[in-house]
Amino acid sequence: MFSEGLMHGQGTYIWADGLKYEGEFVKNIPMNHGVYTWPDGSTYEGEVSHGVRQGFGMFKCGTHPVSYIGHWCHGKRHGKGSIYYNQEGTSWYEGDWVYNIKNGWGIRCYKSGNIYEGQWENNMRHGEGRMRWLTANEEYTGQWEKGIQNGFGTHSWFLKRIPNSQYPLRNEYIGEFVNGYRHGHGKFYYASGAVYEGEWVSNKKHGMGRLTFKNGRVYDGSFSNDHIVEFPNLEVEFLSHLDLSSESPFKSRYPASSISAEIIRKLDGSESNSVLGSSIELNLSLLLNMYPEKDQAEEKKQVEYAVLRNITELRRIYSFYSSLGCDHSLDNTFLMTKLHFWRFLKDCKFHHHKITLADMDRILSTYSDTPVEEIHSPFTTILLRTFLNYLLQLAYHIHHKEYQNRSPSLFLCFTKLMTENIHPNACRVKGSLFSGQPWMLYSMNYIDKCWEIYTVYCRPHTAPPHEPSMKMRHFLWMLKDFKMINKELTATKFVEVIAEDNPFIHDSVDINFELELVFLEFFEALLSFALISVTEQMTKTYLNLPNDDPSGNKRGSSYMTNQNIQDRSSSIGASQESDLQDSSTKSSSSKLGLMLDRSKIRVSEPKIKKSLSDERISKMNFKSPGKGLTFFLSQNERKEKSKDEQKEKLAVWITSMYIFFMNILFPAHKREEILKEKIREDRLHHVATAHQRKLENDELEARLNTLREEAARRPDYDVDITVLKEPADAPSSSFTPSPPKEDTAVSQSSKPVTSKKKKK
């Protein structure tokens with residue numbers, strides 16, 4: 001097409017070197033949309049501006065199996081786009097580009113199947129990211145620098161396990177990396193259950209550290225070149241995984257007569273006579289001290305038999321609770337945290353024995369050297385042997401008075417706890433946090449920021465060890481300071497929510513505002529407050545949902561509703577992280593994992609809806625010849641309607657959470673922190689001002705003292721001082737000098753003048 005002698009409209013142009021363009025022209029210039037074909041067979045189809053690729057388009061290379069679809073700027077890949085490096089589509093990158101360079105956030109899938117999700121800079125992994133080596137069954141989540149692990153991160157080695165294996169853990173290192181090596185401070189969890197925490201140098205234990213053997217016994221001391229300094233011939237890695245049995249080649253290397261080998265055997269538990277084996281040794285020393293020495297051996301033996309009878313069920317319970325709120329992993333094994341343990345205790349109604357979760361934390365801390373600030377930390381990890389020890393310790397404290405005159409007492413305490421609390425109630429999850437998978441994943445987005453708020457409003461406990469804890473009154477005061485107590489969330493409703501699963505919070509007359517709340521109770525209460533504070537009108541306004549039409553059908557699509565909330569909720573992680581201080585690198589790694597999980601949910605949603613839409617179209621085009629088929633279709637329609645309702649319900653719930661946390665709670669906390677900071681600044685200013693005034697007064701006093709010293713050197717100093725210092729009514733001293741004649745004359749001559757003025 002031509003216009004006014006110029007190429008204008010649709011056309012084809014072929015250059016002398018063979019390059020061809022087919023598409024739109026505007027006054028001799030390729031514009032809008034077109035197709036480029038190069039002599040080597042490469043093609044581009046998409047948007048064009050002033051003859052160059054600009055906007056959205058797809059490029060296919062003619063000489064290599066490489067193709068790119070995405071955004072372009074000035075002829076280069078720029079913005080969001082996906083590139084495929086082979087015809088099979090097994091090697092690709094999807095994410096951000098800056099002028100042909102991977103920069104920003106992206107996902108790289110390699111031909112081997114290994115996947116990296118995270119930040120990029122100059123075509124290299126740089127920033128926060130997660131790498132999964134599927135071929136080697138390894139995973140790293142944390143900080144990267146120029147393509148290498150550098151900074152804080154978590155590296156896991158997944159091991160193939162059968163269900164209910166004796167060793168349910170993976171090998172995992174959480175700590176500092178330098179140039180791809182474990183270097184600095186870090187914690188290594190061995191698959192056998194052993195744990196090392198301390199200093200590392202180039203992947204080796206070097207410096208001060210603590211090695212907890214698989215049976216729970218502990219060695220504290222120096223390490224050098226991956227060996228214990230006191231026993232340089234003993235390999236820690238070997239000790240952490242193997243028993244020193246008589247058949248072991250390790251024992252043949254180090255004879256039984258060796259003192260160091262004997263010490264290590266005792267630490268490792270190879271000589272343990274426990275019926276549970278050397279892999280699990282219950283730490284009963286402090287509990288057994290409560291009994292006469294003659295009864296301790298029998299008490300230990302009987303309670304070990306009780307644990308052995310229930311070990312399969314307890315392993316199942318541990319595995320169930322430790323997986324709550326976690327994404328699926330390669331080996332599907334997880335470590336229990338204090339947050340999971342609290343949920344287990346509440347589900348099994350331990351707190352119905354007139355003991356709070358905070359009291360249980362304090363009791364359990366007396367059996368270990370837990371730092372004061374971590375007594376109530378929700379992120380503390382709990383191994384299986386620790387879980388078993390905790391149950392025995394709590395069983396004793398709850399029931400020991402009932403069985404103190406019977407034997408074996410500890411056995412009876414544990415058996416009653418299993419019979420009345422654990423067997424009937426375990427794995428029946430209550431509460432609002434772990435109630436369902438989608439709800440759970442979205443709730444976990446807010447947990448780090450809420451923990452920060454919780455710690456700010458904790459107060460030191462009155463009794464030793466004086467650890468920070470939150471009482472119910474502190475929680476209510478916090479909400480009042482945030483101006484969140486209103487006609488929707490009243491003080492009465494606040495008490496009702498807290499009292500839902502706390503039987504001793506009030507009687508018919510009084511309310512116990514001194515009740516301590518652990519973080520699980522605090523966070524689940526906030527989730528409940530969100531549904532109370534955020535009204536239906538606020539949710540509809542945020543979602544722009546239309547009201548129901550008279551026929552009873554919802555106008556609009558539930559898919560659009562889901563997409564709307566997902567698009568808005570996708571910014572949760574970024575908004576939240578901007579407000580958060582990096583309290584620990586561990587929490588930053590966990591946030592990254594949650595962010596990736598959230599992206600999976602967003603991606604899967606349209607696929608589900610698409611299949612439903614296709615199914616609905618096929619039903620519309622199908623003519624039903626009989627009643628049976630009509631009934632079948634109506635059943636499917638009901639199922640579809642039910643699924644749509646569930647999706648819409650989830651969307652409304654997510655919106656309520658987003659509004660409550662991102663628009664109400666977190667901004668209120670930020671305002672309060674700004675106000676506190678302003679008050680602190682004002683106080684510091686007042687202190688500085690007072691200090692400045694004091695300096696000025698001191699300087700003035702020093703000058704006055706200097707003047708007095710100068711005056712003291714003059715002959716008339718005594719006269720001046722007497723005149724200045726003696727009051728008018730003071731008695732005369734032993735020596736009162738007479739005034740000079742000049743002064744007397746002046747005073748006498750002034751009298752007539754004064755009398756004349758009075759007369760006038």
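Looking at the range 464-491, which of its residues are in contact (Cβ under 8 Å) with a residue 60 or more places away in the chain and outside any helix (DSSP H, G or I)?
465, 466, 467, 468, 469, 482, 483, 484
Is it the case that some residue within the range 443-464 is more than 25 Å from the chain's Cα centre (by Cα) and within 19 Å of residue 665 (Cα to Cα)?
No.
Please tell me if residue 150 is at pLDDT below 90 and outside the structural domain of residue 367 (by the TED database).
no
Anything in the range 414-428 that is farther than 16 Å from residue 352 by Cα and crowded, with 18+ Cβ neighbours inside 10 Å? List them, or say none.
Across the range 414-428, the qualifying residues are 414, 415.
All but one of (1) of a type outside the set (Asp, Glu); (2) within 24 Å of residue 218 (Cβ to Cβ); (3) touching a helix residue (DSSP H, G or I) at 6+ places or on another chain (Cβ under 6 Å); (4) free of Cβ contacts under 8 Å to residues at least 24 places away in the same chain hold for residue 410; state the number of the condition that does not hold.
So residue 410 meets the others, but not (4).
What pairs come out if I take residues in the range 648-662 that are assigned by the TED database to the domain that holds residue 446 and pair them with residues that are modelled with pLDDT of 85 or more and open to solvent by 30 Å² or more (accessible area, probe 1.4 Å) whose C-beta lies under 8 Å away, six or more apart or interchain?
Once the first residue is assigned by the TED database to the domain that holds residue 446 and sits in the range 648-662, its partners that are modelled with pLDDT of 85 or more and open to solvent by 30 Å² or more (accessible area, probe 1.4 Å) give 653/531; 656/531.
Restricting the range 334-391 to residues that are small (Gly, Ala, Ser) and closer than 24 Å to residue 154 by Cβ, which is most open to solvent (accessible area, probe 1.4 Å)?
Ranking the candidates gives 368 first.
Among the strands (runs of 3 or more DSSP E) contained in the range 104-147, which hold 2 or more residues that are within 22 Å of residue 183 (Cα to Cα) and small (Gly, Ala, Ser)?
Here the list reads 124-133.
Quick one: which residue in 116, 189, 219, 181 is modelled with pLDDT of 90 or more and in contact with a strand residue (DSSP E or B) (Cβ under 6 Å, 6 or more places away or on another chain)?
One residue alone meets the criteria, 116.
Only one of 24, 94 is farther than 23 Å from residue 124 by Cα, assigned to a strand (DSSP E or B) and either open to solvent by 50 Å² or more (accessible area, probe 1.4 Å) or among the acidic types (Asp, Glu) (or both); which?
Sole residue among the options that is farther than 23 Å from residue 124 by Cα, assigned to a strand (DSSP E or B) and either open to solvent by 50 Å² or more (accessible area, probe 1.4 Å) or among the acidic types (Asp, Glu) (or both): 24.
Name the helices (runs of 4 or more DSSP H) wholly within the range 275-360 that hold at least 3 residues that are modelled with pLDDT of 85 or more and either in contact with a Gly (Cβ under 6 Å, 6 or more places away or on another chain) or not assigned by the TED database to the domain that holds residue 512 (or both)?
Ranges flagged: 293-322, 338-347.
Collect the residues in the range 648-681 that are more than 16 Å from residue 456 (Cβ to Cβ) and small (Gly, Ala, Ser), keeping them in residue-number order.
Once the filter is applied, which keeps residues that are more than 16 Å from residue 456 (Cβ to Cβ) and small (Gly, Ala, Ser), the range 648-681 yields 651, 656.
Test each condition in (1) free of Cβ contacts under 8 Å to residues at least 60 places away in the same chain; (2) open to solvent by 20 Å² or more (accessible area, probe 1.4 Å) for residue 44 and report the one that comes out false.
The number of the failed condition is (2).
Restricting the search to the range 179-199, which residues are of a type outside the set (S, T, N, Q), part of a loop (DSSP other than H, G, I, E, B) and out of contact with any Leu (no Cβ under 9 Å at 6 or more places or on another chain)?
Within the range 179-199, 180 is the sole residue that qualifies.
What residue, of 690, 668, 712, is at pLDDT 85 or above, open to solvent by less than 70 Å² (accessible area, probe 1.4 Å) and either more than 28 Å from residue 441 (Cβ to Cβ) or not assigned by the TED database to the domain that holds residue 524 (or both)?
690
Taking residue 96 and the conditions (1) in the same structural domain as residue 145 (by the TED database); (2) more than 26 Å from residue 38 (Cβ to Cβ), which numbered condition does it fall short on, given that it satisfies the others?
All conditions are met except number (1).
Considering every residue within the range 306-321, establish whether at least one is surrounded by 18 or more Cβ atoms within 10 Å (Cβ to Cβ) and under 20 Å from the mean Cα position of the chain (by Cα).
Yes.
Residue check: is residue 449 at pLDDT 90 or above and part of a loop (DSSP other than H, G, I, E, B)?
no
The values are calculated or read from the model by the stated rules, or taken from the named source; none is laboratory data. This one's a predicted model, so the numbers in the text were calculated from it and none came from an experiment. Methodologically, a virtual Cβ is constructed for each residue, glycine included, from the backbone with ideal geometry; neighbour enumeration extends over all protein chains shown. Only protein heavy atoms, including side chains, enter the accessible area calculation; ligands, DNA and RNA are left aside. Shrake-Rupley method; radii C 1.70, N 1.55, O 1.52, S 1.80 Å.
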